[in-house]
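What follows is a set of notes on a single structure, which appears directly below.
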Amino acid sequence: MRSLLSLLTVALLSLLCTAVSQAAAPGCGSMQFSEAVLAKFPGAPRACLDVISRDGEAYGVFKAKIMRVHDAGNAIDLRFRLPDGSYSDTRKLKTNPALRVLVQGKPRAVSELAVGDELSAYVKVRTPMMALQPAEPTTEPQFTDIPPPVLPVPEAPATAATPSRN
């Protein structure tokens, strides 16, 4: 009886330790993004917050901050939040301005997004495709190629004032 009790105690402690270690594992845990995804988005494993599955396909879930809305919502610049609270490089994602997404739990058209808004994005685990989280769970995400980082625009050099001619 004593050995059975010891065995059950060890098994219970083992299960608890496993549950605690899995709960403490940040992001997507052991999810492996494909080489094609990593080639376009090397920071995906670090920025990934969760993994969901839809129709048998796995997606990494990311939080992104809007940095700029282009052309009335035809494209947005966004940066992905990293586990330490910092943000990734900026990426320009082409969008449908009529697409409705969730911003702080409320549906909003992409054309109505503002700088500083945070929203969720999905990245396919096997193919380099990204989509913003639609406002309605029954709406299919609109995937597009993962965009490359936006290169920072260099500042124009300071020029001397042109002397006036008298």
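The values are calculated or read from the model by the stated rules, or taken from the named source; none is laboratory data. In this text, all values refer to a predicted model and were calculated from it rather than measured experimentally. Neighbour counts are summed over all protein chains in view; Cβ atoms, including those assigned to glycine, are modelled from backbone coordinates with ideal geometry.
Among the residues of the stretch 111-134, those identified as under 16 Å from the mean Cα position of the chain (by Cα) and farther than 19 Å from Gly60 by Cβ are Gly116, Asp117.
Tell me, please, whether a residue that is of a type in the set (D, E, K, R), on the phi < 0 side of the Ramachandran plot and in contact (Cβ under 8 Å) with a residue 60 or more places away in the chain can be found in the stretch 100-123. For the stretch 100-123, residues of a type in the set (D, E, K, R), on the phi < 0 side of the Ramachandran plot and in contact (Cβ under 8 Å) with a residue 60 or more places away in the chain: absent.
Would you be able to say whether some residue in the stretch 41-48 is at pLDDT 90 or above, part of a loop (DSSP other than H, G, I, E, B) and among the aromatic types (Phe, Trp, Tyr)? Yes, some residue in the stretch 41-48 is at pLDDT 90 or above, part of a loop (DSSP other than H, G, I, E, B) and among the aromatic types (Phe, Trp, Tyr). Mind listing just one residue for me: the one in the stretch 30-63 that is aliphatic (A, V, I, L, M) and touching a helix residue (DSSP H, G or I) at 6+ places or on another chain (Cβ under 9 Å) and, of those, farthest from Pro147 (Cα to Cα)? It comes out as Met31. Screening Gly73 against (1) at positive phi; (2) at pLDDT 90 or above; (3) of a type outside the set (Ser, Thr, Tyr) leaves a single unmet condition, (2). Number of residues in the stretch 43-76 that are among the β-branched types (Val, Ile, Thr), surrounded by fewer than 17 Cβ atoms within 10 Å (Cβ to Cβ) and touching a Lys or Arg at 6+ places or on another chain (Cβ under 9 Å): the value is 0. Within the stretch 77-89, being of a type outside the set (A, V, I, L, M) and surrounded by fewer than 18 Cβ atoms within 10 Å (Cβ to Cβ) holds for Arg81, Pro83, Asp84, Gly85, Ser86, Tyr87, Asp89. For the stretch 109-132, the set of residues classified as surrounded by 19 or more Cβ atoms within 10 Å (Cβ to Cβ) and not aliphatic (A, V, I, L, M) consists of Tyr122, Lys124, Pro128, listed by residue number. Restricting attention to the stretch 84-99, the residues being part of a loop (DSSP other than H, G, I, E, B) and among the acidic types (Asp, Glu) number 1. With a requirement of 2 or more residues that are modelled with pLDDT of 90 or more and more than 29 Å from Ala36 (Cα to Cα), the strands (runs of 3 or more DSSP E) lying completely within the stretch 100-166 that satisfy it span 106-109.
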